[in-house]
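Bear in mind that the values in this text are calculations on the coordinates, not laboratory data. Quick caveat, the model's predicted, so the values are computed rather than measured. Positions of Cβ are backbone-derived with ideal geometry, glycine not excepted, and every protein chain shown enters the neighbour counts.
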Amino acid sequence: MSLQITYEAPLEEAVARICELLQGRYPFSKRAVALLLLQGDAEMQAEVAATEESKSYELVQEIVRQTQAGYQRPLNFVIAQWRQQATADLAADVVGQQAQSPGRSLADWLGWLTMWPVTGIPILAVVLYFGLYQFVGVFGAGTVVDFLEATLFAGYINPWVNSTVQIHVPWMVLQSLIAGDYGIITLGVRYAVAIILPIVGSFFLVFSVIEDSGYLPRLAMLVDWLFKRIGLNGRAVIPMALGFGCDTMATLVSRTLETRREKLIATLLLALAIPCSAQLGVILALLSGRPTAMALWAGFLLLVFLLVGYLTSRLLPGSRPSFYLELPPLRLPQWRNVLAKTLIRMQWYFIEVFPLFVLASVLLWAGQITGAFGVIISWLTPVVEWIGLPGETARVFLFGFFRRDYGAAGLYDMAGTLTGQQLVVAAATLTLFVPCIAQFSMMLKERGWKATLAIVVFIFPFAFVAGYVLNLALTWLGVAA
């Protein structure tokens with residue numbers, strides 16, 4: 001059985017005129033090609049431009065422009081509305097519903113409460129406190145990391161690796177590659193397994209619970225009014241939430257946003273003010289014993305997120321984004337789904353991220369033995385001292401360019417030598433610092449080199465200026481973090 005949706009007259013007329021002009025062979029019907037062209041599909045536009053004569057393609061473009069001029073909303077929105085209505089009509093013909101008692105169910109009431117700002121914001125605060133702070137920050141980044149890093153690696157694995165390598169590997173250069181301060185095992189594997197893995201795993205578990213419960217779309221509805229003030233809409237909460245897992249993956253997901261303007265704003269904010277799960281977890285572990293410091297760090301990042309988003313939305317041309325979203329039912333998370341999603345994401349971590357730690361260790365080792373990192377650190381040292389940090393933290397920022405979580409793990413190693421105020425400034429500046437290599441590569445792929453270069457050129461000085469202002473404000477106000 002085939003189903004063809006009949007659209008209103010202007011759309012059907014445009015489809016018919018485009019079909020008459022199409023002479024080439026396509027993998028879809030001419031009607032499907034015409035509808036994709038009306039919706040502004042870039043891939044289909046490129047294929048038609050390469051297949052048809054230039055005059056025919058120009059006529060097709062003119063038809064699309066004339067049709068769009070007759071509508072206030074984008075044609076992809078109009079066509080999606082017609083398809084949704086056709087789907088609803090079809091479902092109504094074949095799906096029956098049992099009679100329900102009048103009034104809303106408990107799940108309906110809870111779903112409504114999560115979207116009403118008066119109750120939704122406190123609910124969000126509870127989710128963040130127990131989900132991110134207590135489970136990821138205290139348990140994952142605290143209890144589990146302390147056992148793996150301090151007890152297992154520092155107490156047994158690293159000493160054994162160092163002594164074994166010194167005995168059996170006669171070449172000093174090779175020794176430093178495997179063991180020592182920048183060794184693949186003693187640094188790369190230790191960071192990846194003992195510090196980052198527990199944090200990433202606990203975050204992925206929490207995120208899978210939130211996702212499977214149906215709360216994530218309701219969070220999008222809750223923050224829609226706020227996101228529209230920074231040039232986005234509620235749909236952007238999905239890449240932003242994914243950014244707390246991995247900013248690289250979130251940058252890829254930002255392609256689901258409708259306009260280039262929204263994609264640019266989202267990419268900038270992801271690169272600037274959204275810490276990835278490992279970085280977030282390490283920072284939560286660093287500041288978990290200092291509630292004031294954590295509040296200052298989170299409040300400062302939120303202020304930067306909103307301020308930069310607001311100013312960017314005013315500078316970039318474009319109209320206010322629209323937002324529509326179908327809400328799934330709110331339900332108790334299914335443990336099979338939660339475990340499956342968590343395991344898939346953990347598999348992704350070992351396949352995609354773990355090798356980057358090994359690579360970063362090799363690059364750090366190479367930079368160290370060649371002296372290149374010494375030069376870069378000497379350049380960064382006056383900058384970090386300018387924002388009130390000891391010169392040794394320059395190494396942390398250099399690590400952060402290879403992997404954000406690598407830099408955060410380096411900061412974790414220095415925690416005992418920094419004051420509360422320095423921890424706040426270092427954590428805030430490191431979060432705002434330039435994106436890691438993986439995210440930088442994804443930005444190049446998704447946004448192009450001009451936009452990526454502009455974002456990085458803005459972020460680098462902004463991060464240190466923001467750190468300087470934060471340090472100055474904390475000193476002037478006399479806040480004890």
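From its DSSP helices (H runs of at least four residues, each -39,500 (n - 2.57)), the chain gives a residue-normalised ellipticity at 222 nm of -21000 deg cm²/dmol.
Over the range 117-477, calculate the relative contact order: mean separation of alpha carbon pairs under 8 Å at least 6 apart, over the residue count, as a percent. Mind showing how you got there, number by number?
Working: 447 pairs, mean separation 73.7, N = 361.
Reported as a whole number, the value is 20 percent.
Setting aside same-chain residues fewer than 8 positions from Lys228, which lysines have a Cα under 23 Å from its Cα? List returned: Lys263.
Taking the convex hull of the Cα atoms, report for the range 305-394 its projected area averaged over all directions, in nm². Don't skip to the end; give the middle numbers.
Details: hull surface 48.7 nm².
Mean projected area for the range 305-394: 12.2 nm², to one decimal.
A Cβ-based charge dipole, computed about the Cα centre of the chain with Lys and Arg at +1 and Asp and Glu at -1, lands at about 420 debye. Along the range 300-316 the Karplus relation, 6.51 cos²θ - 1.76 cosθ + 1.60 evaluated at θ = phi - 60°, assigns HN-Hα couplings of 5, 5, 4, 4, 5, 4, 6, 5, 5, x, 5, 5, 5, 5, 7, 7, 7 Hz to successive residues, with x for each Gly and Pro. Relative contact order, whole percent, for the range 260-402 stands at 16, derived from Cα pairs under 8 Å and 6 or more residues apart.
Axis of helix 335-348 versus longest Cα principal axis of the chain: the two differ by about 70°, to the nearest ten degrees. If I take R0 = 30 Å and measure r between the Cβ atoms of Ser29 and Glu446 in this structure, what FRET efficiency does the formula 1/(1 + (r/R0)^6) give, to the nearest 0.05? The value I calculate is 0.50.
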